[in-house]
Every structure is written in structure tokens, then in C-alpha cells.
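Asker: Questions regarding the structure given below will be posed in turn.
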Amino acid sequence: MTIKAVSVDISIGGAQLLKDISLDVVPGEVLALVGPNGAGKSTFLSALAGDLVLSRGQVFYNKYDISKLSIQERSFYRSVMSQSQPMVFDFSVRNIVEMGWLHQGHGFYNAHFSMATQQVIEQCNITSLVERRFNTLSGGEQKRVHFARALLQLWLPEGSKECRYLLLDEPLANLDIAHELSMLNVIKQSASSGIGVLIVLHDLNLAAKFADKIALFDQGKIVRLGSPEQVLTEDSLSTVYGVPVTVAQTPLTISYY
Ligand code: ADP
Ligand code: MG
């Protein structure tokens, strides 16, 4: 059971944004995408989410070709936190979190709605924000609310065998160090409970510490894929980012100034 991308190309308006990308998101693992601005990380995440038409290749969720799944079916397999998600309407924080609940109208699940919502509100440290208007929150506070919504979308009763996936595009942007650590811990816990996590990160040291696997993107391609030690090398990072990078082992530490 995986999310599986096979030989994915994406071209938009004559520009090839992704070239021959094959990658698996595995239940229980945190896979980090790193690479320079414009490398294609967000484009790839949108392709995995099923939000972009592929020019070539396929994406599967647990063996189902996503081009054959409806939006609702896709929503049961994966939740997505995009890089920016502005809200045009004046929703409350509680409204936004509750948008993640997919089980409306299912009697069995409805009995769990309040408990599950309360649980993610506490996990994401947004108890003091729930009655606020979303558009009045700071950037970091908005991220925590979207994260709570994405978690609620994946909620299943204890013991459920369904494989589900969390696709996060720079979720740590704008977070202070305490909330950054807290969100990373919730992400780790989600992976331990069997969720497959794909996360776009800019901080290479956080990627080294928290990811099980890393894919290094450059110019629409994966240039390295493997464990943090295999991917985060002085050679690969200096070449891809174009600045001198030094790497120390145990603990793996990346320095660039
Ligand atoms: P990253 O997330 O790694 O910073 P993106 O996936 O957002 O990079 O973008 C990859 C490249 O594709 C960038 O050069 C970006 O400008 C370009 N791009 C993204 N979306 C479009 C689009 N809809 N049309 C044309 N070019 C795009
Ligand atoms: Mg991006």
C-alpha cells in the first residue's frame, strides 16, 4: 500500500516542470522533498494530490489510478496542506477545521465528530483561536489551523486498517521554533500511527532530523533519493544550491555560512 508516482512528466504552457519522476509515499514513513526554489516540489505535490493533469505517467493510491477516482474518493486517501490557502470568505477558525470532516451523514462516524475535532484542536495548539475569524490570524496561526483541518480529514476510528496520506507543502513556514517542533512531533506521531507523510521542507537540518527518506529536487528532476545520510552530502547540496555547503556526521548537520 503506497502512493506511487510512476514516470511523471508535467508540462504547462510549453515549459516542462517535472521530468520522469517516480517516487513512493509509504505508510508509516516521513518523506521530505527538498531543493531550491522553482525545483518543482509544489508541482509534484499537486500532481500527487491529483490536482494537476499529468503530461505522462501515472499516480496510484493503494493501487487505484487517481485519474479514475472522484474528488471525494481522493479526499478519503489523502489530505493536502498547500503552500498558501487564502480564504475569500470570512470563516471562523472552527469552520475551517470542520471543513476537514468528511463523514457528514454517516451515523456511525457522526458520533465521533466532536471528540475528533477537539482532539486535533488540542494537538495543533489552537484552542485559544477557535472562535476567532480566520482572516485575522497571523501567517503561522493560519498554518496551524490548516494543519488541524488536514489532520481531521484523515481521522479514522482506532484500529482502522485503511492507509491514508498527509501531503504538506512547507507547513512550517512562519512558525516559531516551539510551534515548529510541536507540529513536527504531531507529524511524527501521525506517521507512527500508520499515515504516510510527504512534506516539503526548506530547513535541511530539520529534514535530516525528522525525515526517514529525502528526495532532493532540482530543475524538475529528482537528483537524489534515499536516507538523509545518502542524500544530504556536501557534493549534492553544493551542486544543487550553488553555494558551498559543509556536512558533519553524527548528528548529521548541514552548514552553509
Ligand atoms: P518549488 O515548489 O520547488 O519552489 P514549483 O513547483 O512551485 O517549485 O515550480 C516549479 C517551476 O514551475 C517554477 O519555475 C515555477 O515558476 C514554474 N511553474 C509553476 N506553476 C506554473 C504554471 N502554472 N505555469 C507555468 N510555470 C509554472
Ligand atoms: Mg513550493
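The values are calculated or read from the model by the stated rules, or taken from the named source; none is laboratory data. Owing to the predicted nature of the structure, the values given are computational and were not obtained by experimental measurement. Cβ: placed from backbone, ideal geometry, glycine included. Neighbour counts: every protein chain shown. Side chains included, ligands, DNA and RNA excluded: accessible areas come from the protein's heavy atoms. Shrake-Rupley method; radii C 1.70, N 1.55, O 1.52, S 1.80 Å.
Asker: Using a 1.4 Å probe on the protein heavy atoms, what percent of the accessible area of segment 12-158 belongs to carbon and sulfur?
Answerer: Carbon and sulfur: 52 percent of the exposed surface of segment 12-158.
Asker: For the chain, what does the accessible surface come to per residue with a 1.4 Å probe? Please give it in Å².
Answerer: Here the per-residue accessible area is 48 Å².
Asker: While we're here: Need one number: nm distance between label points at E122 and V88, each 7 Å from Cα along Cα→Cβ, rounded to one decimal.
Answerer: Distance between the two pseudo-spin positions: 3.7 nm.
Asker: Would you kindly calculate the mean projected area, averaged across all directions, of the convex hull enclosing the Cα atoms of segment 178-257, in square nanometres?
Answerer: Averaged projected area of segment 178-257's Cα convex hull equals 5.9 nm².
Asker: Between E98 and R56, what length comes free when the chain is fully extended (0.36 nm per residue of separation minus the Cα-Cα distance, one decimal in nm)?
Answerer: 11.6 nm
Asker: Further question on the same structure: If one takes the longest principal axis of the Cα atoms in the chain, at what angle in degrees, from 0 to 90 and to the nearest 10, does the Cα axis of helix 177-192 lie?
Answerer: Relative to the chain, helix 177-192 is tipped by roughly 80 degrees.
Asker: Per the Kirkwood formula on distinct C-alpha pairs, the Rh of segment 1-144 is how many angstrom?
Answerer: This gives a value of 17.5 Å.
Asker: What is the distance in Å between the Cα centroid of segment 120-183 and that of segment 5-70?
Answerer: 23
Asker: Here's another thing I want to ask about it. Please work out the Kirkwood hydrodynamic radius for the chain, using every pair of different C-alpha atoms, and report it in angstroms with one decimal place.
Answerer: About 19.0 Å, per the Kirkwood formula over Cα pairs.
Asker: With a ≥ b ≥ c taken as the square roots of the eigenvalues of the C-alpha gyration tensor of segment 11-92, please select rounded if a/c is under 1.5 and otherwise prolate if a/b is larger than b/c or oblate if it is not?
Answerer: Rounded is the answer for segment 11-92, as its axis ratio a/c remains below 1.5.
Asker: Let me know the charge dipole size of the chain about its Cα centre in debye, to the nearest 20, where only the beta-carbon of Lys, Arg (+1) and Asp, Glu (-1) is charged.
Answerer: Value, rounded to 20: 440 debye.
Asker: For L252 and T239, compute 0.36 nm times the residue count separating them, minus their Cα-Cα distance, and round to one decimal in nm.
Answerer: 2.8 nm
Asker: Kindly express, to the nearest 10 degrees and within the range 0 to 90, the angle between helix 139-153's C-alpha long axis and the longest C-alpha principal axis of the chain.
Answerer: That helix lies at roughly 70 degrees to the long axis.
Asker: Pulled fully out, how much extra length does the chain show between D20 and I71, if you take 0.36 nm times their separation in residues and subtract their Cα-Cα distance?
Answerer: Difference between extended and current length: 15.9 nm.
Asker: Hey, another quick one. Which residue fluctuates the most in the chain, going by a Gaussian network model with Cα springs under 10 Å, if the choices are L181, L33, L232?
Answerer: L181
Asker: For the pair E229/N205, report the inter-label distance in nm, with labels modelled 7 Å from Cα in the Cβ direction.
Answerer: My value for the distance between the label points is 2.1 nm.
Asker: Build a GNM of the chain with springs between Cα atoms under 10 Å: which of S138, S46, S192 gets the top mean-square fluctuation?
Answerer: S138
Asker: Okay, next question. As an exercise, take the mean of 1/r over every pair of distinct alpha carbons in segment 136-231, invert it, and state the Kirkwood radius in angstroms.
Answerer: One over the average 1/r among Cα pairs gives 14.6 Å for segment 136-231.
Asker: Straight-line reach from K209: which lysines have a Cα under 22 Å away, not including same-chain ones fewer than 8 places off?
Answerer: Once the sequence-local lysines are set aside, what remains near K209 is K41, K143, K188.
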